[in-house]
1. Could you grab the pairs with beta carbons closer than 8 Å, sequence gap of 6+ or different chains, first residue in region 96-125 and over 16 Å from PHE166 (Cα atoms) and modelled with pLDDT of 95 or more, second one not in a helix (DSSP H, G or I) and not aromatic (Phe, Trp, Tyr)?
2. Which residue pairs have Cβ atoms closer than 6 Å, lie 6 or more positions apart in sequence or on different chains, and pair a first residue in region 144-171 that is more than 20 Å from ASN101 (Cβ to Cβ) and in contact (Cβ under 8 Å) with a residue 60 or more places away in the chain with a second residue that is buried (at least 16 other Cβ atoms within 10 Å of the Cβ) and among the aliphatic types (A, V, I, L, M)?
3. If you take just the strands (runs of 3 or more DSSP E) that sit entirely in region 37-133, which of them hold at least 2 residues that are surrounded by 10 or more Cβ atoms within 10 Å (Cβ to Cβ) and of a type in the set (Val, Ile, Thr)?
4. Taking region 82-99, which residues are of a type outside the set (Lys, Arg), under 20 Å from PRO168 (Cβ atoms) and touching a Lys or Arg at 6+ places or on another chain (Cβ under 7 Å)?
5. Search region 134-149 for residues being of a type outside the set (A, V, I, L, M) and over 20 Å from GLU85 (Cα atoms), and hand back the single one that is surrounded by the fewest Cβ atoms within 10 Å (Cβ to Cβ).
6. Name the residues in region 24-80 that are of a type in the set (S, T, N, Q) and under 24 Å from the mean Cα position of the chain (by Cα), would you?
Amino acid sequence: MSKEEVLLNEEIDFSEVRCIGDDGEVFGIISSAQAQKIANSKGLDLVLLSPNATPPVCKVMDYGKYRYQAEKKLKEAKKKQKQIEIKEIKLSTQIAQNDINYKVKHAREFIQEGKHVKFKVVLKGRENNDPKAGLAILERVCAMVEDIAASEKEPKTEGRYVSWLFVPKKK
């Protein structure tokens, strides 16, 4: 049974259930029909909380209100989450120094905004056999951003790419 499938009212067909009232009052172990009568008399729903317990646990509550509050909590939690944005900057092994300077300038702006930056060096042809040229480019880039960014991991080779991830330094 997933979290979405909640048994309510007449769907609960256990012979005995442990019943809890909406105000925390404990009715004890009673038949599910009796628990349903209590819920009906209060104008509320009988909700199965723990079907695997012995006996199963039910609660008398306003299920619509409960679901609304649960969704509200979930939305609030999502608002507080911080989304990490990774900007990717591609380089090649034949790149000129002024092009590296230009791309690093943009990377520094991204890092100062709090974004993570991933530098990727594209290896072409014979460069795939020996990715040292790509590592050399990344080492030069690292020296240019190490004052404001920290290396998350060591540079790694992924197929035709050598990549290195940088994150803003903690203040």
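1. Pairs that qualify, where the first residue is over 16 Å from PHE166 (Cα atoms) and modelled with pLDDT of 95 or more and the partner is not in a helix (DSSP H, G or I) and not aromatic (Phe, Trp, Tyr): there are none.
2. Hits for this filter: zero, empty list.
3. 57-61, 86-92, 116-122
4. The answer is GLU85, ILE86, GLU88, ILE89.
5. ASP147
6. Matches in region 24-80: GLN69 only.
The values are calculated or read from the model by the stated rules, or taken from the named source; none is laboratory data. Quick caveat, the model's predicted, so the values are computed rather than measured. Cβ coordinates were reconstructed from backbone atoms using ideal geometry, including for glycine residues, and neighbour counts include every protein chain displayed.
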